[in-house]
Amino acid sequence: MIKHDTIELLRECDAGIQMGISTIDEVKDHVSNSDFGTKLDDYQREYAQLQNEIQDVLHSYHDEGKDPNPLAKAMAWLKTNITVAVKETDATIADLITDGCNMGIKSLNKYLNQYKAADDRAQDFARRLIELQDRQIKEIRKFL
């Protein structure tokens, strides 16, 4: 049970990180404030670093990780691109990023509860990802 829960929690973290990186890729060329753009680049690097650590652990379990749910990814892509096309402002982008982070935090907390038998390392990755998203929300509020 511990191994199963550990792998599943790590897979959900991996999928969430992919969504975060993908969303930032979609919006960063539309950001006008250079400080905001720099923040998004920083978050993307932090996501990638955490993803590499998670991937290393998943590979030790002979697991390749998990792609985000295709429907969720398509819906996020549509929402992002339509919203930015209608109103291309930093406030719109900050709002989209904030919504995504809130959904990520909610999902990760759900998975922490669902996969309670996951080992401490996997739980730590999930908490680090939650902390990253929470910090991201707080730091980009000034762009709303």
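The values are calculated or read from the model by the stated rules, or taken from the named source; none is laboratory data. If you're wondering where the values come from, they're calculated on a predicted model, not measured in any experiment. Please note: Cβ atoms are built from the backbone with ideal geometry, for glycine as well, and neighbour counts cover all protein chains shown. Surface areas here come from the heavy atoms of the whole protein model, side chains and all, with no ligands, DNA or RNA. Shrake-Rupley method; radii C 1.70, N 1.55, O 1.52, S 1.80 Å.
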- Take the stretch 126-137 and flag every residue that is closer than 21 Å to Lys39 by Cα and either in contact with a Leu (Cβ under 7 Å, 6 or more places away or on another chain) or of a type in the set (A, V, I, L, M, F, W, C) (or both). Arg128, Leu129, Ile130, Leu132, Ile137
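Look at Leu144 and say whether it is open to solvent by 100 Å² or more (accessible area, probe 1.4 Å), of a type outside the set (Gly, Ala, Ser) and touching an Asp or Glu at 6+ places or on another chain (Cβ under 7 Å). Break it down into steps so the answer makes sense when it comes.
Working: open to solvent by 100 Å² or more (accessible area, probe 1.4 Å): yes; of a type outside the set (Gly, Ala, Ser): yes; touching an Asp or Glu at 6+ places or on another chain (Cβ under 7 Å): yes.
Here the answer is yes, as Leu144 does meet what is asked.
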- Message: Any residue that is modelled with pLDDT of 85 or more, over 17 Å from Gly20 (Cα atoms) and surrounded by fewer than 12 Cβ atoms within 10 Å (Cβ to Cβ) - is there at least one of those in the stretch 64-82?
- Response: yes
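Here is a yes/no grid of residues against (1) in a loop (DSSP other than H, G, I, E, B); (2) open to solvent by 50 Å² or more (accessible area, probe 1.4 Å); (3) β-branched (Val, Ile, Thr):
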position	(1), (2), (3)
Ile93	no, no, yes
Ile105	no, no, yes
Leu112	no, no, no
Asp124	no, yes, no
Leu132	no, no, no
- What do you reckon, is Asp41 in a helix (DSSP H, G or I) and open to solvent by 80 Å² or more (accessible area, probe 1.4 Å)? no
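Given the condition of a type in the set (A, V, I, L, M) and at pLDDT below 95, answer yes or no: does some residue in the stretch 113-120 qualify?
Within the stretch 113-120, the first condition is being of a type in the set (A, V, I, L, M), and the residues that meet it are 117-118.
Next cut, at pLDDT below 95 only: none.
Scanning the stretch 113-120, I find no residue that is of a type in the set (A, V, I, L, M) and at pLDDT below 95, so the answer is no.
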- Query: So which pairs qualify, if the first residue must be in the stretch 123-134 and within 16 Å of Asn102 (Cβ to Cβ) and among the acidic types (Asp, Glu), the second must be at pLDDT 95 or above and surrounded by 15 or more Cβ atoms within 10 Å (Cβ to Cβ), the Cβ gap must be under 9 Å, and the two must be at least 6 apart or on different chains?
  - Reply: Asp134/Cys101; Asp134/Ile105
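Any residue that is touching a residue at least 40 places away in the same chain (Cβ under 8 Å) and on the phi > 0 side of the Ramachandran plot - is there at least one of those in the stretch 70-81?
Of all residues in the stretch 70-81, those touching a residue at least 40 places away in the same chain (Cβ under 8 Å) come to 72-73, 76-77, 80-81.
Retained after the next criterion (residues that are on the phi > 0 side of the Ramachandran plot): none.
The answer is no, given that none of the residues of the stretch 70-81 is touching a residue at least 40 places away in the same chain (Cβ under 8 Å) and on the phi > 0 side of the Ramachandran plot.
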- Message: Show the residue pairs meeting these rules: Cβ distance below 6 Å; 6+ apart or different chains; first residue within the stretch 47-59 and more than 13 Å from Arg128 (Cβ to Cβ); second residue part of a helix (DSSP H, G or I) and not acidic (Asp, Glu).
- Response: Leu58/Leu10
- Could you tell me which numbered condition Ala117 fails, if it satisfies all but one of (1) over 18 Å from the mean Cα position of the chain (by Cα); (2) open to solvent by 50 Å² or more (accessible area, probe 1.4 Å)? (2)
- Message: When you check Asp35 against the structure, is it without any contact (Cβ under 8 Å) to a residue 12 or more places away in the chain, surrounded by fewer than 16 Cβ atoms within 10 Å (Cβ to Cβ) and more than 18 Å from the chain's Cα centre (by Cα), yes or no?
- Response: yes
